[in-house]
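**Q** Sharing a structure below in structure tokens format, with a few things to ask.
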Amino acid sequence: EAAVTQSPRNKVAVTGGKVTLSCNQTNNHNNMYWYRQDTGHGLRLIHYSYGAGSTEKGDIPDGYKASRPSQENFSLILELATPSQTSVYFCASGDGTGDSDYTFGSGTRLLVI
Amino acid sequence: GQQVQQSPTSLVLQEGENAELQCNFSTSLNSMQWFYQRPGGSLISVFYNPSGTKQSGRLTSTTVIKERRSSLHISSSQITDSGTYLCAMERGQGGRALIFGTGTTVSVSP
């Protein structure tokens, strides 16, 4: 079954450390997205990608990098983690043609201490 | 400011009651979707509804582009409807990335 898989499910990181969140999709979708979800803000777009080798800034990219080495994989990188980046992170994929093609992963709960 | 506003913030229902969730957009509406999220869970697309009315079982979505609003109607609510419902519209640019509302949390009790 086509899916979006995120790892790890939970992560505790220290301030100033490097964190990498991974996302893998088997939908063969061109577009992939990273969002974070915080109480009172809903989901906000961090980075997205149109395909392998492409990354684009979303609405809140500061402090984050993204990498799309292949169609299937899209990573979110926090080079110097801060407590303000404590959140739940969701990865999603879509093929850009509409009609409910958005598929979300189960989320990664990140705590930066 | 917030481009996508949802109301109410939360809703408590007795099983069998109907409910109407609202979503209003401050900018021109490109396209919109409704998602359902269980507590601590992933998001599942419920409706892709850029305009007009769509129905799926006990759920009905109506989008009125000119009025920049969309609604989700739940009829004969069941306990399994409990969770958070989020609406989202497409950004004007950017691979169909979405701008989300903050959600309506629905709690259905027996």
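**Q** Do we find that residue B:70 is surrounded by 13 or more Cβ atoms within 10 Å (Cβ to Cβ), away from chain A (no Cβ under 14 Å) and either touching a Gly at 6+ places or on another chain (Cβ under 9 Å) or in contact (Cβ under 8 Å) with a residue 40 or more places away in the chain (or both) in this structure?
**A** So residue B:70 fits the description; yes.
**Q** Give the residues of region B:37-55 that are in contact with a strand residue (DSSP E or B) (Cβ under 7 Å, 6 or more places away or on another chain), within 11 Å of chain A (Cβ to nearest Cβ) and not aliphatic (A, V, I, L, M), sorted by residue number.
**A** The answer is B:37, B:38, B:42, B:45, B:47, B:48, B:49, B:50, B:54.
**Q** Specify the residue that is farthest from the other protein chains (Cβ to nearest Cβ); the eligible residues are those in region B:76-90 that are among the hydroxyl-bearing types (Ser, Thr, Tyr) and surrounded by 15 or more Cβ atoms within 10 Å (Cβ to Cβ). Full working, then the answer.
**A** Kept after step one, since they are among the hydroxyl-bearing types (Ser, Thr, Tyr), are these residues of region B:76-90: B:76-77, B:80, B:82, B:84-85.
The next check asks that each one be surrounded by 15 or more Cβ atoms within 10 Å (Cβ to Cβ); those that pass are B:77, B:82, B:84-85.
Details: B:77: 22, B:82: 18, B:84: 10, B:85: 12 Å.
Applying the filter and picking the extreme gives B:77.
**Q** Which residues, counting only those in region A:15-62, are free of Cβ contacts under 8 Å to residues at least 40 places away in the same chain and away from chain B (no Cβ under 13 Å)?
**A** A:52, A:53, A:62 - these are the residues of region A:15-62 that are free of Cβ contacts under 8 Å to residues at least 40 places away in the same chain and away from chain B (no Cβ under 13 Å).
**Q** Separate question: Need a quick list: strands (runs of 3 or more DSSP E) entirely within chain A having at least 2 residues that are closer than 28 Å to residue B:31 by Cα. Show your work before the answer.
**A** Numbers: elements: A:4-7, A:10-13, A:19-25, A:31-38, A:42-49, A:65-67, A:75-78, A:87-94, A:108-112.
Filter on chain A gives A:4-7, A:19-25, A:31-38, A:42-49, A:65-67, A:75-78, A:87-94.
**Q** Residue check, residue A:71 against (1) within 13 Å of another protein chain (Cβ to nearest Cβ); (2) within 28 Å of residue B:50 (Cα to Cα), all met but one. Which one?
**A** With respect to (1) within 13 Å of another protein chain (Cβ to nearest Cβ); (2) within 28 Å of residue B:50 (Cα to Cα), residue A:71 is out only on (1).
**Q** Check whether at least one residue in region B:89-110 is touching a helix residue (DSSP H, G or I) at 6+ places or on another chain (Cβ under 7 Å), part of a strand (DSSP E or B) and within 30 Å of residue A:9 (Cβ to Cβ), and report yes or no.
**A** Within region B:89-110, one or more residues are touching a helix residue (DSSP H, G or I) at 6+ places or on another chain (Cβ under 7 Å), part of a strand (DSSP E or B) and within 30 Å of residue A:9 (Cβ to Cβ).
**Q** Looking for something more than 17 Å from residue A:42 (Cβ to Cβ), part of a strand (DSSP E or B) and either touching a Pro at 6+ places or on another chain (Cβ under 8 Å) or hydrophobic (A, V, I, L, M, F, W, C) (or both) - is there at least one such residue anywhere in region B:20-28?
**A** Within region B:20-28, none of the residues are more than 17 Å from residue A:42 (Cβ to Cβ), part of a strand (DSSP E or B) and either touching a Pro at 6+ places or on another chain (Cβ under 8 Å) or hydrophobic (A, V, I, L, M, F, W, C) (or both).
**Q** With the structure loaded, tell me whether residue A:87 is more than 9 Å from chain B (Cβ to nearest Cβ), in contact (Cβ under 8 Å) with a residue 24 or more places away in the chain, within 27 Å of residue B:105 (Cα to Cα) and not charged (D, E, K, R) or whether it fails that test.
**A** In short, yes.
**Q** Check off (1) modelled with pLDDT of 90 or more; (2) outside any strand (DSSP E or B); (3) surrounded by fewer than 18 Cβ atoms within 10 Å (Cβ to Cβ) for residue B:39 and give me the number that stays unchecked.
**A** In the conditions (1) modelled with pLDDT of 90 or more; (2) outside any strand (DSSP E or B); (3) surrounded by fewer than 18 Cβ atoms within 10 Å (Cβ to Cβ), residue B:39 misses (1) alone.
**Q** Which residues, counting only those in region B:56-67, are away from chain A (no Cβ under 14 Å), farther than 13 Å from residue B:25 by Cα and surrounded by 16 or more Cβ atoms within 10 Å (Cβ to Cβ)? Full working, then the answer.
**A** If we filter region B:56-67 for residues that are away from chain A (no Cβ under 14 Å), which is where we start, we get B:57-58, B:60, B:62, B:64-67.
Then keep just the ones that are farther than 13 Å from residue B:25 by Cα; that gives B:57-58, B:60, B:62.
Answer for region B:56-67, where residues must be away from chain A (no Cβ under 14 Å), farther than 13 Å from residue B:25 by Cα and surrounded by 16 or more Cβ atoms within 10 Å (Cβ to Cβ): B:60, B:62.
The values are calculated or read from the model by the stated rules, or taken from the named source; none is laboratory data. Being a predicted model, the structure only gives us computed values, none of them experimental. Glycine also receives a Cβ, built like all others from the backbone with ideal geometry; neighbour counts cover every protein chain displayed.
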